[in-house]
Amino acid sequence: MNPAVRIDHVTKRYGAIAAVDGVSLNLAAGETLALLGPNGAGKSTLIKMILGLTDPSDGNIEVLGSPPGSHAARQSAAYLPENVIFHKSLTGHEQLTMFARLKGQPKASVQHLLERVALAEAMHARIGTYSKGMRQKLGLAQVLLGQPKIAILDEPTSGLDPLSREMFYRMISELAGAGCAVLLSSHALTELEARTDRIAILRRGKLVACDRLSALRAAAGLPVRLRVEIRNGQADDVASKLGGQRVNGQAVELVCEARDKVARLADVTRLGRTVADIDVVPPSLEDVYRYYSAAQNEGKTS
Amino acid sequence: MIRSSVTIAVAELKIAYRNQWVVTAVALMTLFGLILAFAGSAPAGTLGVDRLTLTVSSLATLCVYLVPLIALLLSYDGFAGEAERGSLPLLFTYPASRFALLAGKYLAQLVILAIAVFAGFGITAGVVWSVDGGSSDGFALLFRLQWSATLLGAGFLALGAALSAASRQTGTAASLAIAVWLLAVVMYDVGLLGAVVADDGGTFTKSVFPWLLLANPTDAFRLFVLQAVDATVPGTGPQAAVQMLDVPAFVPVAIMTAWVIVFLALALASLRRAEG
């Protein structure tokens, strides 16, 4: 099956600077991909090219088999820009009706969508009176218009409270479940961890990593942390016996390679009743992200 | 395409209505019109011209300043505002062409301007006519004034759209619009007259100056309206200069139309280049 988005050796140069440098990446239908990278890494430029807002200097992009920005591509793609502000004099209902008509969707779908994003009560109030979270929900509602095949969301959860974030990710997984390819750029790393199929990391325009989180962890060889809680203040004893680091009077932290994890756990359980509790902490997305975006790994791809 | 333009136009009209733009524009036109009609109408009886005709020729002078200003105020924010709010790139990703977006915004602004001109001057003329009670000869001239003032405004709406499409910020677009108004409307005639004085009746005055004057749509508009006014109404300054110019009526209309086309084309070119 053809990928929903195919990015093939794409480069975008502004003068002498390559904002995006030789990136190849495919996005399958129904897949959720998180696009990460520090500011200025080229995320926005890549998104702009997928949407057809700017053309690559080199390489090729296809959206559902069509060139980006073509009528066919725009008809089936949805976009949520970062920090978008709609016109304050229109009501939420009027603004969404405008978008629905531009997309050739029936007006009747507008009310239903506003209910889905929990804006039903405020839909006849002017957008000028909306909070940042409400404006973001309105932005999400326009993404859902007409069941897109591709959704590109730039920092979608900024300004949302935890409950709204939950709702937001539920809608995204519904979209993906319906076969929509979702590209998500975000800084909220802990949120993305459980919610994306693959992680792509850009650094200075280059794609330095693109895989499932578990595979990225393995490839990075990041250590696993075992946090062992000790009874009766014997932390010093245990720390010297196991070769770990005493955190405080009751806890010791062991750091080991992922493949040594089970052996180390066996060492800990051999201590018997001295151990009160064990936490196994795998490297978080944040650790993985830090690893791949750090300077010493330049040129290393997985 | 038409559907998209109408959708954009409807949203723009709602915004203009909510922001009291329509009411403000009509009120401005009516207010200034009435002031001119009653403050500047002393010589009416002595010249043997009906009062309405005299009022319309004063309104033509008012239009030259006010209509371009209102047109620029209506249009400068159109695209720069969307760019600043971040909603322009989003609009660009919708399946509506950039031409359709431009057409939608432009049409809405043109409707508002036409309402202001027709209602504002219509009310003024109605009041003058009911006070004067005399001849209704001036109404044909009034209509000529109204539609040509709308055409003049259409040119400045297109100019405003071009400025707006080329600016990333509302502030930039606003200052450009004011600068353009000062240059094209206020300074242009003064500069040309200065050149005429310096030339002292040479070739510039006789052959170049009238055409330079006419190239500006505000002067083309003034010529077009005053061509139809009885010659007994005295003209002053640039008004007298354009009255000297003996050209067929389609020339000033063509010049005003050219401004619409040229600046709409520039606005479209800017929009097509924009990355949003």
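Some values worked out for this structure:
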quantity: Pair list, Cβ < 8 Å and 6+ apart or interchain, from region B:82-96 residues that are more than 7 Å from chain A (Cβ to nearest Cβ) to residues that are in a helix (DSSP H, G or I) and open to solvent by 20 Å² or more (accessible area, probe 1.4 Å); calculated: B:E84/B:T170; B:L88/B:E82; B:L91/B:E82
quantity: Residues being more than 30 Å from B:L264 (Cα to Cα) and part of a helix (DSSP H, G or I) - total across region B:108-139; calculated: 12
quantity: Some residue of region B:212-227 being under 18 Å from B:L59 (Cα atoms), of a type outside the set (S, T, N, Q), open to solvent by 30 Å² or more (accessible area, probe 1.4 Å) and at pLDDT 80 or above; calculated: no
quantity: Residues satisfying the stated conditions in region B:139-178, i.e. more than 30 Å from B:Q227 (Cα to Cα) and open to solvent by 10 Å² or more (accessible area, probe 1.4 Å); calculated: B:A162, B:L163, B:A165, B:A166, B:R168, B:Q169, B:T170, B:G171, B:T172, B:A174, B:S175, B:L176
quantity: Candidate set from region A:74-97 (those that are more than 17 Å from B:E82 (Cβ to Cβ), assigned to a strand (DSSP E or B) and open to solvent by 10 Å² or more (accessible area, probe 1.4 Å)); member that is farthest from the other protein chains (Cβ to nearest Cβ); calculated: A:T91
quantity: One residue from A:R170, A:R165, A:R204, A:R198 being of a type in the set (D, E, K, R) and on the phi > 0 side of the Ramachandran plot; calculated: A:R204
quantity: Which listed residue is more than 11 Å from chain B (Cβ to nearest Cβ) and either open to solvent by 10 Å² or more (accessible area, probe 1.4 Å) or over 26 Å from the mean Cα position of the chain (by Cα) (or both), from A:A118, A:A141; calculated: A:A118
quantity: Candidate set from region A:123-138 (those that are in a helix (DSSP H, G or I) and open to solvent by less than 20 Å² (accessible area, probe 1.4 Å)); member that is farthest from A:L102 (Cα to Cα); calculated: A:G133
quantity: Those residues of region A:10-31 which are of a type outside the set (A, V, I, L, M) and either surrounded by 14 or more Cβ atoms within 10 Å (Cβ to Cβ) or within 26 Å of A:L285 (Cα to Cα) (or both), in sequence order; calculated: A:T11, A:K12, A:R13, A:D21, A:G22, A:S24, A:N26, A:G30, A:E31
quantity: Condition met for A:V5 (within 17 Å of the chain's Cα centre (by Cα), crowded, with 19+ Cβ neighbours inside 10 Å and within 21 Å of B:P89 (Cα to Cα)); calculated: yes
quantity: Selection within region B:254-276 - open to solvent by less than 40 Å² (accessible area, probe 1.4 Å) and of a type in the set (K, R); calculated: none
quantity: Answer residue from region B:77-107, given it is in a loop (DSSP other than H, G, I, E, B) and in contact with a Leu (Cβ under 6 Å, 6 or more places away or on another chain) and is nearest to A:P67 (Cα to Cα) among those; calculated: B:T93
quantity: Failed condition for B:A114, given (1) closer than 20 Å to B:A71 by Cα; (2) within 14 Å of chain A (Cβ to nearest Cβ); calculated: (2)
quantity: B:V67 open to solvent by 50 Å² or more (accessible area, probe 1.4 Å) and modelled with pLDDT of 90 or more; calculated: no
quantity: Residues within region A:241-259 that are in a helix (DSSP H, G or I) and touching a strand residue (DSSP E or B) at 6+ places or on another chain (Cβ under 8 Å), tallied; calculated: 2
quantity: Identity of the residue in region A:32-49, open to solvent by less than 10 Å² (accessible area, probe 1.4 Å) and within 18 Å of B:G86 (Cα to Cα), that ends up farthest from the other protein chains (Cβ to nearest Cβ); calculated: A:L46
quantity: Per-region count, region A:26-71, residues in contact with a strand residue (DSSP E or B) (Cβ under 6 Å, 6 or more places away or on another chain) and more than 14 Å from A:L183 (Cα to Cα); calculated: 10
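Per-residue answers, yes or no, for (1) within 14 Å of chain A (Cβ to nearest Cβ); (2) modelled with pLDDT of 85 or more; (3) within 22 Å of B:A177 (Cβ to Cβ); (4) open to solvent by less than 10 Å² (accessible area, probe 1.4 Å):
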residue	(1), (2), (3), (4)
B:L13	yes, yes, yes, no
B:W21	yes, yes, yes, no
B:R51	no, no, no, no
B:Y76	no, yes, yes, no
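The values are calculated or read from the model by the stated rules, or taken from the named source; none is laboratory data. Computed from a predicted structure; not experimentally measured. Here Cβ is always computed from backbone atoms with ideal geometry, including for glycine, and neighbour counts include all displayed protein chains. Calculation scope for accessible area: heavy atoms of the full protein, side chains included, ligands and nucleic acids excluded. Shrake-Rupley method; radii C 1.70, N 1.55, O 1.52, S 1.80 Å.
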